[in-house]
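Remarks on the structure that follows.
The values are calculated or read from the model by the stated rules, or taken from the named source; none is laboratory data. Because the structure is a prediction, the values reported are computed rather than measured. Here the Cβ positions follow ideal geometry from the backbone for every residue, glycine too, while neighbour counts run over all protein chains shown. In case anyone asks, the SASA skips ligands and DNA or RNA and just uses the protein heavy atoms, side chains included. Shrake-Rupley method; radii C 1.70, N 1.55, O 1.52, S 1.80 Å.
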Amino acid sequence: MMNERLAALGEHERAIRRTFDGRMNYSGGVLFPTLYIVAFTNRSGSNLVSEHIRSTGLFSGLYEHLNFDTVELVSKDIGSTSFPDHIMKIVDIERLPGTAYGFKASWDQLAMLLRSGIDKMFNGVRVVHATRRGLVEQAVSFSIADQTKRWFSTQSDTPNASSEFRYEDIEARVAGIAEANQMIAYLCSLFELPRLPIVYEEFSCNPVPDIRRFGNFAGIDLSIWAPDRTELQKQADHTNEEFVRLFRERSRPRVLAS
C-alpha cells in the first residue's frame, strides 16, 4: 500500500512534469556536496529549523523551491530546459561559497527528487525531519493558517483575517499529517537516507541542543553555535487553544464509544 501511494505522482511532480514536458531524469555524475533536505509537514516548525541551520553560515537554501508554482516561475527567469537543469542552476545561483545546499521538501517532493535521480547529482542526501509532538495542535494550526492565509508571523497583508472551528477539516489534517510523517520516515529507511528528527516543541524553546545534534549529523563542529534573534515568531494564540479544546472534546467520546 505505501509503495503504491509513493509511486503515484503528487501535485507538485505532475505540474513540474508539464512545465518541462516530461524532461525530469538526471543521469550524470556527482556535481555538488551533500544535499540537505528539511522534510516537513505543514506547521511543523520547518521554517524555524531552516532559519537556524542557515544561521550557522555553513548551509545555503533550505527554502520551498520545489513547489510547482515556484519552479514554473523561476524556470522562466533562469531559462531552465529540464528539471535537472533547473536544479543545477538553482544550486549554482544560490549556494554560497563553502556551504552545502538544501531544500525544504514534503514527502511527495522527496519522492520526486529520488524518482528523478536528482540525488545522484549530490554526494549523498541527509534528511532533517521537522516534526511536532502535538499532532492535534499542528492540525489546528494548519486549519487556521489555511483559512486566514497567514502562514508566517512576518506577514502583514492579512490584518483582518479570521477563522472558524471546522471539526472535519481538522480531523482530515490530523490524518494527513500522520501519513506524511510516516511516508518521510519510510522513504528514508527504504533509500537508506540518514534522518535526524527535530521536535518543534523543544526546538522552539531552545534550539542549541538540536543544532549541536545536527552538527554531529552533518559531521561539523557546532558546539559554540549560539542562536541569533529569528524573524519568525510563534503564531498560536487563544484561538488555537480553543479549537484544540473543542476538537478533543468532540473526538474523545467517539473514540471511547462502544
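The table for this structure:
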quantity	calculated
Single condition SER75 does not satisfy, out of (1) within 25 Å of GLY29 (Cα to Cα); (2) outside any helix (DSSP H, G or I); (3) hydroxyl-bearing (Ser, Thr, Tyr)	(2)
Candidate set from the range 4-29 (those that are outside any loop (DSSP other than H, G, I, E, B) and charged (D, E, K, R)); member that is surrounded by the most Cβ atoms within 10 Å (Cβ to Cβ)	GLU13
Some residue of the range 6-13 being free of Cβ contacts under 8 Å to residues at least 60 places away in the same chain, touching a Lys or Arg at 6+ places or on another chain (Cβ under 9 Å), farther than 30 Å from VAL140 by Cα and among the aliphatic types (A, V, I, L, M)	no
Check on GLN147, without any contact (Cβ under 8 Å) to a residue 24 or more places away in the chain and assigned to a helix (DSSP H, G or I)	yes
Check on PRO207, touching a Pro at 6+ places or on another chain (Cβ under 7 Å) and modelled with pLDDT of 95 or more	yes
Residue list for the range 84-101, filter: open to solvent by less than 40 Å² (accessible area, probe 1.4 Å) and either among the β-branched types (Val, Ile, Thr) or part of a loop (DSSP other than H, G, I, E, B) (or both)	ILE87, ILE90, VAL91, THR99
Residue in the range 107-125 that is part of a strand (DSSP E or B) and either touching a residue at least 24 places away in the same chain (Cβ under 8 Å) or surrounded by fewer than 22 Cβ atoms within 10 Å (Cβ to Cβ) (or both) present	yes
Within the range 165-185, tally of residues that are free of Cβ contacts under 8 Å to residues at least 40 places away in the same chain and open to solvent by 60 Å² or more (accessible area, probe 1.4 Å)	4
Criterion (out of contact with any helix residue (DSSP H, G or I) (no Cβ under 6 Å at 6 or more places or on another chain), open to solvent by 60 Å² or more (accessible area, probe 1.4 Å), among the polar types (S, T, N, Q) and at pLDDT 95 or above) met by exactly one of THR81, THR34, THR70, THR56	THR81
Any hit, the range 76-89, residues being within 26 Å of GLY176 (Cα to Cα) and among the hydroxyl-bearing types (Ser, Thr, Tyr)	no
Elements of type helices (runs of 4 or more DSSP H) contained in the range 178-258, each with 2 or more residues being more than 22 Å from the chain's Cα centre (by Cα)	238-256
Total residues in the range 176-212, condition among the basic types (Lys, Arg) and over 27 Å from SER141 (Cα atoms)	1
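Residue-by-condition table, conditions (1) acidic (Asp, Glu); (2) over 22 Å from ILE177 (Cβ atoms); (3) in contact (Cβ under 8 Å) with a residue 60 or more places away in the chain; (4) out of contact with any strand residue (DSSP E or B) (no Cβ under 6 Å at 6 or more places or on another chain):
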site: GLY22; (1), (2), (3), (4): no, yes, no, yes
site: ASN25; (1), (2), (3), (4): no, yes, yes, yes
site: GLY29; (1), (2), (3), (4): no, yes, yes, yes
site: PHE32; (1), (2), (3), (4): no, yes, yes, no
site: ARG43; (1), (2), (3), (4): no, no, yes, yes
site: LEU48; (1), (2), (3), (4): no, no, yes, yes
site: SER60; (1), (2), (3), (4): no, yes, no, no
